[in-house]
């Protein structure tokens, strides 16, 4: 049975996901290339997992269509076929650029994400490529464009899934349980942008709440030394700050009046315009701060805007039954965040996935904290390393690279490079409150050193260096995953200088007939009726989580927001059509948890 969301049922295949994909660096003069592309699969024999076919030598025949940006494995792509490790997945599309484009303008081709490695040709000229299936990349195609109005782009993709050390997330060739169907190819928006030679190529916005300033850095590849840009900040349409900044130089822009802090309870955003020569871009920023400190009882707490704050979160994997990694509509992204908010949650842990920038935009404006996971890689995992700690107190030294499936130095270097790129990509997102480099030992290595590297890259946010187990004593959280036993706060944990956090728990499952993905179901505790499920869910929180919060537990992450494939342990079904719990009941439950943080009894 093909399981469809309501958005998937109404999909406009000629122009899916038409919204601008980059809300924090938005300009006019852009064109979505989403929609129907030509598609083909051809054999490709290469032992190197990074090797990709020459895009200038496409197959003679493209024998099918594919709806971009949906992976061929998904129903919404119209293909329904996997890409094997020994194949090339080909894409081809014809496009035009505005006739008004002048010789002094650049044409950029943007890809939101392509899994895993690709090369791109435009009008028969190789214009570049990318490896890493979760991060965006941009190619300047100006010099490749042939004369005339009509042009052609060809993309060659190779995806070996979990057959190498490349980052792959939860994709598994032998899927089942918590491991999911592999995806390949283009899975985020493809778009063109026409802009001046001198333009805003990068915009970094770092709020300093205490100082009442925003540190603005305008990046431009072609600006002359000392060139300046004008920055205008507004609040509800009224100007609050204006400054002239030198390109490439971080500059503190002071807000004229009292600062209105951003929080989940008041997600206020300031609008920003930047003018550089002939270029104009719009963006936004939220004034907030994150940190770690102590409450009035001396308990270590996460801080929001300088005050102790209890993140009450859900694990959010961002999978869809009809689109896989790709939400069938922008409204679908918004729905998940809004549902979590209505249920009384103030945080989503984005699990082992980097979302399109529009998802973070909705978190910013709706008011939802984000804990951002990095995407795991490494060779085949040892079951004892990644599963035994769930039932026994096993802690291994992650400098033993081979034991953690990280013997390949190139794989370790690739992970750290992607981690740094992810942080740079998401640095200006107001809602991101914490970084999570490693989860449950999946390809973990040198986590203490990596945590220090993350902190050096971004000193404005805390770090959970090893979520779940194989704690190396680093980072800002003592991070626990507990599924198979009753949770109580141990006295010995109070001596840890870090914040005590239950970063995964629960996982209660309830299959809803007609809304499950397959015949197999997976969960950590199974229920047959919605009444039993809801009662047990509330009882878990009232009997275990509320007392733990009173005794110093500083953050919680319930597993999980939505069902994913075999996992039917979501609060909403995979197709987002049935919420398994009463919204008002869960909202009241979460209010009791928040109140417990103020009632603490050590």
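The values are calculated or read from the model by the stated rules, or taken from the named source; none is laboratory data. Note that this is a predicted model, so its numbers are computed, not measured. Because the Cβ atoms are built from the backbone with ideal geometry, glycine has one as well, and the counts that use them run over all protein chains shown.
Being in the same structural domain as residue 311 (by TED's automatic domain parsing) and assigned to a loop (DSSP other than H, G, I, E, B) holds for only one residue in 355, 424, 416, and it is 355. Of the numbered conditions (1) surrounded by 22 or more Cβ atoms within 10 Å (Cβ to Cβ); (2) part of a loop (DSSP other than H, G, I, E, B), residue 450 satisfies every one except a single condition; which is it? The failed condition is (2). Is there a residue in the stretch 68-75 that is touching a strand residue (DSSP E or B) at 6+ places or on another chain (Cβ under 9 Å), part of a strand (DSSP E or B), surrounded by 24 or more Cβ atoms within 10 Å (Cβ to Cβ) and modelled with pLDDT of 95 or more? Looking through the stretch 68-75, at least one residue is touching a strand residue (DSSP E or B) at 6+ places or on another chain (Cβ under 9 Å), part of a strand (DSSP E or B), surrounded by 24 or more Cβ atoms within 10 Å (Cβ to Cβ) and modelled with pLDDT of 95 or more. Scanning the stretch 47-58 turns up one or more residues that are within 30 Å of residue 518 (Cβ to Cβ), over 23 Å from the mean Cα position of the chain (by Cα) and either outside the structural domain of residue 428 (by TED's automatic domain parsing) or in contact (Cβ under 8 Å) with a residue 12 or more places away in the chain (or both).
Answer yes or no: is there a residue in the stretch 213-234 that is crowded, with 23+ Cβ neighbours inside 10 Å and touching a residue at least 60 places away in the same chain (Cβ under 8 Å). Working first, answer last.
At the first step, the residues of the stretch 213-234 found to be crowded, with 23+ Cβ neighbours inside 10 Å are 214, 216, 218, 229, 231, 233.
Adding the requirement that they be touching a residue at least 60 places away in the same chain (Cβ under 8 Å) leaves 214.
Checked against the condition, which is being crowded, with 23+ Cβ neighbours inside 10 Å and touching a residue at least 60 places away in the same chain (Cβ under 8 Å), the stretch 213-234 yields at least one hit.
Of the residues making up the stretch 324-354, those that are under 30 Å from residue 407 (Cα atoms) and crowded, with 24+ Cβ neighbours inside 10 Å are 325, 349, 351, 354.
Confirm whether residue 240 is in contact (Cβ under 8 Å) with a residue 24 or more places away in the chain and in a strand (DSSP E or B). Criteria met by residue 240.
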